[in-house]
Amino acid sequence: MKIVVLVKQVPDTETNIKVGDKSINEAGVKWIISPYDEFAIEEGIRIREKSGGEVIAVSLGPDRVVEALRTAYAMGVDRAVHVKVDDYVTFDSTYTSELLANFIKAENADVIIGGRQSIDTDSSQVVVQIAERLNVPHVAMALKLEFDGKKVTATREIEGGTEVVETSAPLAVTAQKGLNEPRYPSLKGIMSAKKKPVDVKKPEELGATGSKLEVVSLEPPPPRIAGRKLEAADAQGFASQLVKALREEAKVI
Amino acid sequence: MADVLVVGELKNGELKKISKELTSAARKIADAIGGKVHTLLITDNVDSFAGDLKAVGADAVIGANLGEFSPEGYANGIFAVIQEKKPAVVLMPHSAQGKEYSARVAIKANAGIVADAVGLSVDGGKVVAKKPIYSGKAYANFKVSSDIQMFTVRANSQEVTPKEGAGAVEKSGASAGEVRTKSLSKDLSGGNKVQLADASIIVSGGRGIKGPENWPIIQDLADTLGAALGASRATVDAGWISHSHQVGQTGKTVSPNCYIACGISGAIQHLAGMGSSKYIVAINKDGDAPIFKVATYGVVADLFEVVPALTSEFKKVLG
Ligand SMILES: Cc1cc2nc3c(=O)[nH]c(=O)nc-3n(C[C@H](O)[C@H](O)[C@H](O)COP(=O)(O)OP(=O)(O)OC[C@H]3O[C@@H](n4cnc5c(N)ncnc54)[C@H](O)[C@@H]3O)c2cc1C
């Protein structure tokens, strides 16, 4: 089985973000693998451990994303590919999916797995767009995957519950929390990952047509309306004040 | 013509509020760029909703019968309507279903797409979509340069403004076509209650509730307000409630009119999921908890006393 896992590098949530005109100031930003992509890497490795084959980790972004690929190597992927683009390109899901789909097409992968969303743009688009570009089915928000040859049975999260679906490989999957517990890279894995090759692909080689998004501007988040702490003698006092505030001031209830 | 197509959504045979929110937003865009608003509903019973959508600006209300939800089937059907109507702008809900079919629709239509927009405006004939990025630590404004501009829009982010459209009712012959993923079974045991994604009020509990046996205190308030029940990750990790209730970075992103956080400290990952709520109420006995930095109304007190008092007070005024 040939498995491609998609690995996006994103700022750690706790990191301080300084907003520039069209991009963020990267100085001091701590970069991590987007948490849902860790589930994707783990699932890829587990499928290979069961069914044999190869796991290829692909990351699209500037030079620093190689660190994320080293982590994927340390977790146990077999090959790593860096699609080298400027960071703002990763805002554009259709361009991203075009570059990645063109790479995956050439690899003839059986399974493509990514996170249910990346935690920087939260768009939930790229993996399903890749499925559409490759003309294959997809399973989004997967909680469980079982392969029986080409046949795939999956449990996935839907609004208000879960659904069991049946489909077949080749397919694309987005990983939801609960799919597995990602392993920690071993020390040995980390050491050997440093020496492993990372294949670099440029957009020109992948023949993509170009970006369809224009970044007009970035801005800091809107300031929140100054809040106030209510004063009351007891719970009853707080309750009646809150009800009043929510009904008469905020008019939301 | 620079028409706008809205894909609306139904739930248990009823029109979801997002359908009106998007139609209203589409009306403003269409008025600015000079076009009509078409609202598409996936149903064989479009007539019953036409009045509601006409009242918020729909010139045409289109019904397409695509059967049970499948992302591929919906994408095929929606794309057929796009080919027929040739809209300049398409608005879809950033709902569980919308996220899935929108991705396929964008590729079929060779369109650029901005997902999870919370603001829509028009500049030089093009839509500018605003969306939070980096867990709400920045907002980005995007324009889409392809012929068709696509957007998925967060629930509760658009005002519903009355404005009469032509309201013509149409039935589309679009079909679901080939679907390669078969649904074998569904478990909707958590399904009767209000869903987080489109709730206008959410009552959430955190580690401050002390244990799973105390959820009824939070649930009672939620039920009284017709609100959805949310939870912090700490309570999910402790096994007190299922992950489907988790709000935050690794849970659900929500934008209700009112978010009531009970015994939640307000960690950055939690704020990432609810920071865009219109009004935030925090009930926490620690006056220094970070949640108070974002709370519109802060109550420094024991939730075990305040929440039941609040429930009975609301019961009184709401009857
Ligand atoms: C990668 C990553 C992703 C994460 N994703 C999420 C996510 O999606 N969602 C999320 O919520 N968290 C997430 N977290 C966890 C987050 O960092 C916090 O640990 C979590 O939100 C804390 O939950 P809490 O506020 O319920 O608990 P605590 O931080 O323990 O806070 C409990 C609060 O209850 C108050 N309290 C206690 N007793 C009472 C009482 N009787 N009355 C009133 N108040 C009381 C306390 O003062 C305290 O402020 C994530 C963390 C990481 C590292």
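Run down B:Val81, B:Val37, B:Val7 and say which single residue is in contact with a Lys or Arg (Cβ under 6 Å, 6 or more places away or on another chain) and aliphatic (A, V, I, L, M).
B:Val37
With touching a residue at least 24 places away in the same chain (Cβ under 8 Å), more than 8 Å from chain A (Cβ to nearest Cβ) and touching a strand residue (DSSP E or B) at 6+ places or on another chain (Cβ under 8 Å) as the only criterion, which of B:Ile201, B:Ile148 stands out?
After ruling out the rest, the residue left standing is B:Ile148.
Give segment B:212-240 a look and list any residue that's within 11 Å of the ligand (Cβ to nearest atom) and either assigned to a helix (DSSP H, G or I) or more than 22 Å from B:Asn156 (Cβ to Cβ) (or both), or say none.
Result: B:Asn214, B:Ile217, B:Arg233, B:Ala234, B:Thr235, B:Val236, B:Asp237, B:Ala238, B:Trp240.
Results for (1) surrounded by fewer than 22 Cβ atoms within 10 Å (Cβ to Cβ); (2) among the aliphatic types (A, V, I, L, M); (3) not in a loop (DSSP other than H, G, I, E, B), shown as yes or no for each residue.
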residue	(1), (2), (3)
A:Ile3	no, yes, yes
A:Val10	no, yes, yes
A:Asn16	yes, no, no
A:Ala27	yes, yes, no
A:Ile32	yes, yes, yes
A:Glu43	no, no, yes
A:Glu49	yes, no, yes
A:Ser59	no, no, yes
A:Val65	no, yes, yes
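In segment B:247-265, what residues are of a type outside the set (Ser, Thr, Tyr), crowded, with 23+ Cβ neighbours inside 10 Å and assigned to a loop (DSSP other than H, G, I, E, B)?
B:Gly248, B:Gly251, B:Val254, B:Pro256, B:Gly263, B:Ile264
Test B:Asp198 against the criterion of being surrounded by 14 or more Cβ atoms within 10 Å (Cβ to Cβ) and among the acidic types (Asp, Glu), and give yes or no.
yes
In segment B:1-29, how many are touching a residue at least 40 places away in the same chain (Cβ under 8 Å), over 15 Å from the mean Cα position of the chain (by Cα) and either surrounded by fewer than 24 Cβ atoms within 10 Å (Cβ to Cβ) or assigned to a helix (DSSP H, G or I) (or both)?
Of the residues in that region, 7 qualify.
Taking the stated definitions as given, is A:Lys151 in contact (Cβ under 8 Å) with a residue 24 or more places away in the chain, assigned by the TED database to the domain that holds A:Asp78 and surrounded by fewer than 24 Cβ atoms within 10 Å (Cβ to Cβ)?
no
What number goes with the only condition from (1) more than 8 Å from chain A (Cβ to nearest Cβ); (2) modelled with pLDDT of 95 or more; (3) within 29 Å of B:Ser200 (Cβ to Cβ) that B:Asp116 does not pass?
Among (1) more than 8 Å from chain A (Cβ to nearest Cβ); (2) modelled with pLDDT of 95 or more; (3) within 29 Å of B:Ser200 (Cβ to Cβ), the lone unmet condition for B:Asp116 is (1).
Scanning segment B:308-319 for residues that are in contact (Cβ under 8 Å) with a residue 60 or more places away in the chain and farther than 14 Å from A:Ala232 by Cβ, which turns out nearest to the ligand (Cβ to nearest atom)?
Within segment B:308-319, the match that is nearest to the ligand (Cβ to nearest atom) is B:Pro308.
Name the helices (runs of 4 or more DSSP H) wholly inside segment A:169-253 in which the number of residues that are under 30 Å from B:Ala227 (Cα atoms) is 2 or more.
A:235-244
Need the failing condition index for A:Ala235 against (1) crowded, with 18+ Cβ neighbours inside 10 Å; (2) under 24 Å from A:Arg70 (Cβ atoms), just the number.
A:Ala235 satisfies every listed condition except (2).
Applying the selection to segment B:253-293, what residues are within 19 Å of A:Pro221 (Cα to Cα) and either among the aromatic types (Phe, Trp, Tyr) or within 6 Å of the ligand (Cβ to nearest atom) (or both)?
If the condition is that a residue be within 19 Å of A:Pro221 (Cα to Cα) and either among the aromatic types (Phe, Trp, Tyr) or within 6 Å of the ligand (Cβ to nearest atom) (or both), then B:Tyr259, B:Ala267, B:Gln269, B:His270, B:Gly273, B:Tyr279, B:Phe292 are the ones that fit.
The values are calculated or read from the model by the stated rules, or taken from the named source; none is laboratory data. Since we're looking at a predicted model, the values are computed, not measured. Every residue, glycine as well, gets a Cβ built from its backbone with ideal geometry; the counts of neighbours run over all protein chains shown.
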